[in-house]
Structures are given as C-alpha cells and as structure tokens.
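See below for the structure under consideration.
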Amino acid sequence: TPLIISGPARDDVNRYRISDRVARVLLAKQKNAISDTQARLKNTDANTLRKRAIEAGIAENKFDDAMRKFPTDPYWLTEDEAASLGHTVYFVVERDRKSVHMTHAGVTAAQEEANIGSFYVGANMEWPHLIENSLRAHVVYERDKEYVVQNGEIIIVDEFTGRLMVGRQWSDGLHQAVEAKEGVRVKEETQTLATVTIQNFFKLYCKLAGMTGTAMTEADEFMKIYNLDVTSIPTNRPVN
C-alpha cells in the first residue's frame, strides 16, 4: 500500500455534474430496456427465443447464459448475451472489478444527451471516462456500504475493517463522481505528486523496532524486508 502526497489538479468541476446528468439518463434508458425485455420474456416461449438467437448466428450457450443471468441481475449480461435475448444494453457492469463500460448504444445515447458532438475527437475524448465513472458511482458504489455522507462530504468506508477513512478519496475522478451523485460540493480532482511504499518509508529510519502479537508468523518477512529479528516475549502469567 503506497503513501501518496497529492495536490489539486485545478480541473473544471462542472464536468462531473454534466457527467452525472448524462449517467442518470442512461440509467433511466437501461431500466426501461430491462422492463421491456422482462415483459417480452414473460410473453414469449423460451424455445422460440432460442430459435431466433440461433438463426441470428448467436451461440446457443450465450442464450442459455443470458436466460440464467437476466432474472438474477440484468446488469450482469455481456453484450453478446444481451443480443441473444434482443435486449438493449447501454452499459456493461463488471461487479467483481467494480467497473462499468458503455456499449455502442450507450455512447450514442450519451452523445445525444451531452450535445457536444462525437466523444472521440479533440477535447471530447475525456467524456467517456467521466460518464463511465458516474455510472460506476450509481451502479457499483452503494451509500452506507462503500461510503457514507457526513457533513456534506463523502467519507470512504474501509472494505476490510469497516472504519471511516477520513481525509482519503478515490482517484481518477471517481470521488468527484460520487460527490455529484450525492449532490454534495464537488471538490477539485487531485493529482499524485509523490509516492512511496510503506516498507521503503520505514526503511528511511536509522533504527527500526516494534511490537505486535502476530510478528512470529511473519518473521521471515521482517527479516527479508527490514533485516529485523523477531523475538517472542513470554507472557506475564502462564497460559493454560
């Protein structure tokens, strides 16, 4: 885990609010598409849908995967699986990686909503990343799970300990996307000025020592990284 010194990047924070607005439109379109597909699946025989998929050149296993995934989590489908059901996807969610990627349909809809022309020319090339961050904030990052809102600020929750990580923020514009989602003040994005690993930071000291209840199990690591011996100190009283 690195220690990071960061500073403001002096970016225009209004772009995060615009991205959030576009993301909300895509979310609404996706919900409507899900409702339409649910109604169609309910009123159409599965064998008929399978036959149509095969005739369209889609592998049968893609259709079976889609039929299994869609009732559980419609956002879980890949583009190929969605196509096998005739389902329109504007973005694909990878929950294990906490990422969201817009599809061709999603980019087209986002360009129309943003009304700034193509995303793939000149200064517009940053917009797909900004909008996908906004989608991540809405679809993947849940309030009171990954973060909390306190005193008008987004506070990250440590996924391992559940502790609030005051003063920390996600990088690459994600924190600003969550701030725009929750309607709090959007701060300037930060840029990394310097980094150092915790191990190398400790090794800057002339003398190293410490005490912990779990050092014996990591004795090899202490010797390898810090050239430190580990000594077990007996308990004050015998342990039965």
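The values are calculated or read from the model by the stated rules, or taken from the named source; none is laboratory data. In this text the structure is predicted, and so the values were computed from the model without any measurement. Reconstructed Cβ throughout: ideal geometry from the backbone, glycine too, with neighbour counts over all protein chains shown. Accessible surface is based on the protein model in full, side chains and every heavy atom, while ligands, DNA and RNA are left aside. Shrake-Rupley method; radii C 1.70, N 1.55, O 1.52, S 1.80 Å.
Below is a table of values for the structure above.
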| item | result |
| --- | --- |
| Top-ranked residue in the range 211-231 [being open to solvent by 80 Å² or more (accessible area, probe 1.4 Å) and in a loop (DSSP other than H, G, I, E, B); ranked as nearest to ILE198 (Cα to Cα)] | ASN227 |
| Residue among ARG185, ARG168, ARG143, ARG163 that alone is open to solvent by 40 Å² or more (accessible area, probe 1.4 Å), of a type outside the set (Ser, Thr, Tyr) and within 25 Å of VAL89 (Cα to Cα) | ARG143 |
| Any hit, the range 29-49, residues being touching a residue at least 12 places away in the same chain (Cβ under 8 Å), open to solvent by less than 50 Å² (accessible area, probe 1.4 Å) and touching a strand residue (DSSP E or B) at 6+ places or on another chain (Cβ under 9 Å) | yes |
| Options THR88, THR72: the member that is in a loop (DSSP other than H, G, I, E, B) and within 30 Å of ASN115 (Cα to Cα) | THR88 |
| Every pair of residues 6+ apart whose Cβ atoms lie under 8 Å, when the first sits in the range 90-111 and is in contact (Cβ under 8 Å) with a residue 24 or more places away in the chain and within 10 Å of TYR75 (Cα to Cα) while the second is open to solvent by 60 Å² or more (accessible area, probe 1.4 Å) and in a strand (DSSP E or B) | PHE91/HIS101 |
| Filter pass, ASP20 being open to solvent by 50 Å² or more (accessible area, probe 1.4 Å) and either outside any helix (DSSP H, G or I) or not aromatic (Phe, Trp, Tyr) (or both) | no |
